Amino acid sequence: MSGTNILQTESLSKVYAKNVRALDSLSLTVRQGEVFGYLGPNGAGKTTTIRLLLDLIRPSSGTARLFGLDARRESLAIRGRIGYLPAELNLWERQTALQIIRYVGSVRGGVDMPTVRALAERLQFDLTKRVKAYSTGNKRKLGLILAMMNKPDLLILDEPTSGLDPLMQQIFYELVREARAEGRTVFLSSHILSEVQAICDRVAILRSGVLQAVQRVDELMHADFRHVTVRFAHADGGAALSTLPGVSSFRRDGALTAFQYAGAFDPLLAVLAGQSVVTMDIDKPSLEEIFLKFYDHKEGDES
Amino acid sequence: MNGATLAVFAETLRRHWRGMLFWGIGIGLLGAMQALVLQDVDSLQQIADLMETLPPFFVQAFAGGDAQYMATAEGYLASQFFSFALVVFAAYTIGVGLQVTANEEDRGQMDVLLSLPVTRTRLILEKTAAFALLTCGVVVLTLLCIAGGIAATPALPIDMGRIAVGTLNILPGSLLILTLTVFLGGLIGNRSRVLTIAAVVVIVSYVIDILAVAAPGTLFGTLRTFSLFRYYDGVFVIRDGLNLGNVVLLLVVSAALLGGGVLAFNRRDVGV
């Protein structure tokens, strides 16, 4: 990762008609060679952000720069270096995949057919059919080929694996990792946290148009809490744990006690030291659990 | 990296040339049929005589007040085909005008196109140029079909030069309807609204023209200034020749509508 900023927004906001605020003062930086996950539930403002970056819609205030160029005034030069997959991919139903690839390629200034065929082979995609004959997953594959075929410096992918089967998702992850290895940048919107967990370097979490957090995925994975399950020798073994600071979601079932634990482990171990512990399991939470916990905390703070 | 020159233009031609054949031959056969039903000069005179028995309103509306002109083969074709040919062409040009931006924006395909290195201006201009060329193709095919119909009725003395002028005269009005639709697409974006407004403009314009010709001293006579069909004048252009002033005016308004469409499309959010 070179550290050059590929994408930078400053107080980027978008207000639609009837005063609907879709994005509120987004300030974000994505560096070259990074796979950046852009997370949030449906309606959070992810697609609005992407459409602002592509100059499909215009900001109400704030700025966005890609490759150091203004997303509004220098959009043409920016779009020459971008591969884009929309969340809802609508293509020309009566055209074949190959015809669409040639069209998109010709607008870009040329088609790299060996790359197209290599991508089609890896994604197990038949290029000869008309779009209307493809399943949802196959349409998605075509969208990925269109986005990736020119080996763009920046891939902007909106919900890229929506409709792909698990095997194809893994191939997509490989393609993203290869792009990163070549020094290219990927900006990936998703609400599938396992996907972000699998391929992203950093994530931004968006809710109701407001950026909640930006964090490295590996830090986020270590940041919050652990699932702890303890089997005691006696049924009343874990009672003292329920009041320990950092313990939440506490459950007891006979000699088995399960809870979530946040913070340093010394106090927990000190309590357990006086108990007769048979087994103890400590599991990392998934990013999804961290994400939900993150929202729980926020909502708790707000109320 | 900027996109290849005329890639959008070439793709538009590739996708829509079959439609040009369909419309050109279809409209042409409609005109050819009018020639084929005429067998001799006597039948034309009978029609002219019949027209003179009708109330003046009808003679004004459908023969421009000149029933004897109807007794000529050119006059008959003018009133039975060229008087409304632009309305039929409007069905084609509104359809292809929607293809410039409105259809793709409505279907979400515009997001894919505008994520490519192509400006909105270039997109509209290349597509409109392609559809203008295809409209020329429809006009030429129409002329060829009518010529075929006339050739099949050798008993009638028809000046093909005048018929050719009458057919080519459809082109400026068609381009105006095309660019009107492009303008509305650039301004509004919603396909249904664009289609409705364009169709209403054409139909109202046509009705005003008919009523204004039939009753020139009324409000319709004043409103006729704003009717596209006043400048198309499909009936008498065959008798009197091409009115260059009208042609230039229609082309200037077309250019203005196209420019307005480009400006409007450049200024607004797409696909919202």
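The values are calculated or read from the model by the stated rules, or taken from the named source; none is laboratory data. All figures in this text were calculated on a predicted structure; none of them were measured in a lab. Glycine gets a Cβ as well: all are built from the backbone with ideal geometry, and neighbour counts include every protein chain shown.
Going through A:G143, A:G110, A:G163 one at a time, which residue ends up being part of a loop (DSSP other than H, G, I, E, B) and under 19 Å from the mean Cα position of the chain (by Cα)?
Among A:G143, A:G110, A:G163, only A:G163 is part of a loop (DSSP other than H, G, I, E, B) and under 19 Å from the mean Cα position of the chain (by Cα).
Exactly one condition in (1) at pLDDT 95 or above; (2) facing another protein chain (nearest Cβ under 9 Å) is not met by A:L69; state its number.
Of the numbered conditions (1) at pLDDT 95 or above; (2) facing another protein chain (nearest Cβ under 9 Å), the odd one out for A:L69 is (2).
Specify which of the listed residues (B:F183, B:F265) is within 14 Å of another protein chain (Cβ to nearest Cβ) and surrounded by 16 or more Cβ atoms within 10 Å (Cβ to Cβ).
Only one candidate passes the filter, namely B:F265.
Before we move on, is B:D49 at pLDDT 75 or above, away from chain A (no Cβ under 14 Å) and over 30 Å from B:L125 (Cβ atoms)?
Yes, satisfied.
Among the candidates A:T161, A:T136, single out the residue that is closer than 28 Å to A:A198 by Cα, touching a helix residue (DSSP H, G or I) at 6+ places or on another chain (Cβ under 6 Å), away from chain B (no Cβ under 14 Å) and not basic (K, R).
So the residue among A:T161, A:T136 that is closer than 28 Å to A:A198 by Cα, touching a helix residue (DSSP H, G or I) at 6+ places or on another chain (Cβ under 6 Å), away from chain B (no Cβ under 14 Å) and not basic (K, R) is A:T161.
Hey, A:Y38 hits all of (1) away from chain B (no Cβ under 11 Å); (2) part of a loop (DSSP other than H, G, I, E, B); (3) in contact with a helix residue (DSSP H, G or I) (Cβ under 8 Å, 6 or more places away or on another chain); (4) not aliphatic (A, V, I, L, M) but one; which does it fall short on?
Every listed condition holds for A:Y38 apart from (2).
The rows are residues; the columns are (1) within 22 Å of the chain's Cα centre (by Cα); (2) away from every other protein chain (no Cβ under 12 Å); (3) closer than 25 Å to A:N5 by Cα.
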| position | (1), (2), (3) |
| --- | --- |
| A:S75 | no, no, yes |
| A:R81 | yes, no, yes |
| A:P86 | yes, no, yes |
| A:Q95 | no, no, no |
| A:G105 | no, no, no |
| A:R122 | no, yes, no |
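So which of B:A152, B:A147 ends up being modelled with pLDDT under 95 and more than 23 Å from the chain's Cα centre (by Cα)? Spell out how you get there, then give the answer.
On the way: B:A147 fails: more than 23 Å from the chain's Cα centre (by Cα).
Step by step, each of B:A152, B:A147 is checked, and only B:A152 is modelled with pLDDT under 95 and more than 23 Å from the chain's Cα centre (by Cα).
Name the single residue, out of those in the range B:111-146 being of a type in the set (G, A, S) and within 14 Å of chain A (Cβ to nearest Cβ), that is nearest to B:G259 (Cα to Cα). Walk me through it before giving the result.
Step one: list which residues in the range B:111-146 are of a type in the set (G, A, S), which gives B:115, B:129-130, B:132, B:137.
So of that shortlist, the ones also within 14 Å of chain A (Cβ to nearest Cβ) come out as B:115, B:130.
Numbers: B:S115: 23, B:A130: 16 Å.
Only one residue fits best here, namely B:A130.
Mind telling me which of the residues B:G161, B:G137, B:G148, B:G189 ends up being surrounded by fewer than 22 Cβ atoms within 10 Å (Cβ to Cβ), in a loop (DSSP other than H, G, I, E, B) and small (G, A, S)?
It is B:G189.
May I ask you to verify whether A:V176 is touching a residue at least 40 places away in the same chain (Cβ under 8 Å) and among the hydrophobic types (A, V, I, L, M, F, W, C)?
yes
Looking only at the range A:232-267, count every residue that is over 16 Å from A:P285 (Cβ atoms) and not in a loop (DSSP other than H, G, I, E, B) and tell me the total. Working first, answer last.
Applying the first criterion (over 16 Å from A:P285 (Cβ atoms)) to the range A:232-267 yields A:232-245, A:252-257, A:264, A:266-267.
Restricting the remaining residues to those that are not in a loop (DSSP other than H, G, I, E, B) gives A:232, A:239-243, A:252-253, A:256-257, A:266-267.
So the count comes out to 12.
What's the number of the condition A:R58 fails, among (1) more than 25 Å from B:T12 (Cβ to Cβ); (2) more than 9 Å from chain B (Cβ to nearest Cβ); (3) surrounded by fewer than 16 Cβ atoms within 10 Å (Cβ to Cβ)?
It fails just one condition, (2).
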